Amino acid sequence: VQIFKLLEGIDPNLRGVLLAILEEMERQQKERVTKDEFKELKEIVAELAEAQKRTAETQKRTEERLEELAKAQEKTEKRLDSLAKRVEELTQAQKRTEERLEKLAKAQEKTEKRLDSLAERVEELTAAQAKTEIELQKLAKGLKETRKMVGGLSDSVGYGLEDRAIAVLPTIIKKKFGLEPDNGFVRKFLVIDGRETELNMFGTAHKGKQKWFVVGEGKAKLSKKDVDKFLKLLDRLKVSRIITENTLPLMVTYSTRPAVQEYARDKGIEIIWSYELEQYRG
């Protein structure tokens, strides 16, 4: 407005030139502003493009990361499913363990009751055993006394049988075995290898010029064990040279089984029955 006021006082031709100059200057000014703005805009656009590029790269990385995270999440979920399954299994196992523990606790309670009952029973049996041992001791004592009595009776019977046999042996060996007795027969005690040994019946005889030894044993009821014991006695007598091979072994008895009689005769022992003593005595 001020410029136009000044131009009113100037020559019209010059005023036209000045106006043209002003218009050119205004146009150039507008163009210059537009170029600067465009340049600035280009810079801004370039910056935006760069920023967009970075944003795209960031977005790509973000998407890749998101994909990785998605895969990791999937794996995590699978692990969680597996862990959940395992936890469920462990829960069930724990439940079964608790049930077993409860059963074991009940079984233990029953066992303890049985142990208490058994302990009580053992105590009762111990007391009964003590009583039984006392009774057994009494029985053993009674049995010992009975055996002593039986032994005494057996000895009495045996000695009676032996005494009868000793009295008639001279006749028996002469008539039955053809031996001539030297003297009467006796019950004799000998010491063999430092041990005292009893011979129920012992004596000597002869047949022609041969000397014979007669060794006898009396048993109320003759057994195979008695025969074996007598055979051992004869061996000891022979080893000690108290008797020789010319020996007549005799066993006098009331009773024995046929098998024992046969066994004794197979071993060279002659059996004389108690009733024969009466026959030869007559």
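The values are calculated or read from the model by the stated rules, or taken from the named source; none is laboratory data. Only a predicted model underlies this, so the values are computations on that prediction, with no experimental measurement involved. Here the Cβ positions follow ideal geometry from the backbone for every residue, glycine too, while neighbour counts run over all protein chains shown. Keep in mind that these areas ignore ligands, DNA and RNA; they rest on the heavy atoms of the full protein, side chains included. Shrake-Rupley method; radii C 1.70, N 1.55, O 1.52, S 1.80 Å.
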ask   = Among Lys35, Lys60, Lys188, whose mean-square fluctuation peaks in a Gaussian network model of the chain (Cα, cutoff 10 Å)?
value = Lys35
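Could you work out how much longer the chain between Lys209 and Lys113 gets when fully extended? Use 0.36 nm per residue separation minus the Cα distance between them, nm to one decimal.
On the way: separation 96, 0.36 × 96 = 34.56 nm, distance 9.04 nm.
Working it through step by step, the gained length comes to 25.5 nm.
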note = Which residues qualify? For Leu199, with a placed amide H closer than 5 Å and at least 5 residues away or on another chain, they are Lys188, Phe189, Leu190
Calculated FRET value between Val87 and Glu40, using beta carbons and R₀ = 41 Å, to 0.05 = 0.05
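Hull surface divided by four, with the convex hull built on the Cα atoms of the chain: how many nm²? Please report the intermediate quantities before stating the final value.
Details: hull surface 192.1 nm².
It is 48.0 nm².
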note = Listed by chain and number, the residues whose amide H is under 5 Å from that of Ser240, excluding neighbours fewer than 5 places away on the same chain and using placed H, are none
message = I'd like to check one number: the per residue accessible area of the chain, probe 1.4 Å, reported in Å² as a whole number.
response = 77
request  = Would you mind checking the pairs Lys176/Lys232; Lys71/Lys95; Lys30/Lys60 and listing those with alpha carbons more than 31 angstrom apart?
outcome  = Lys71/Lys95; Lys30/Lys60
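Keeping all protein chains in place and using 1.4 angstrom, which order do Ser255, Ser274 fall into by accessible surface area, from largest down? Intermediate results must be reported in sequence, preceding the final value.
Numbers: Ser255 50, Ser274 15 Å².
The ordering from most to least exposed comes out as Ser255, Ser274.
For Leu248, Leu83, give the ranking by accessible area with the largest first, probe 1.4 Å. Before the final figure, lay out the partial values.
Working: Leu248 20, Leu83 95 Å².
Solvent-accessible surface, decreasing: Leu83, Leu248.
What is the percent carbon and sulfur in the accessible area of the chain, measuring with a 1.4 Å probe over the protein chains and ignoring ligands? Mind showing how you got there, number by number?
Values: 11800 of 21680 Å².
Carbon and sulfur: 54 percent of the exposed surface of the chain.
Quick check on the chain: helices-only [θ] at 222 nm, where DSSP H runs of length 4 and up contribute -39,500 (n - 2.57) each and the sum goes over total residues. Nearest 500, please.
Numbers: 5 runs with 205 residues, N = 282.
Rounded to the nearest 500, it is -27000 deg cm²/dmol.
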key: Calculated FRET value between Lys175 and Lys232, using beta carbons and R₀ = 35 Å, to 0.05   = 0.75
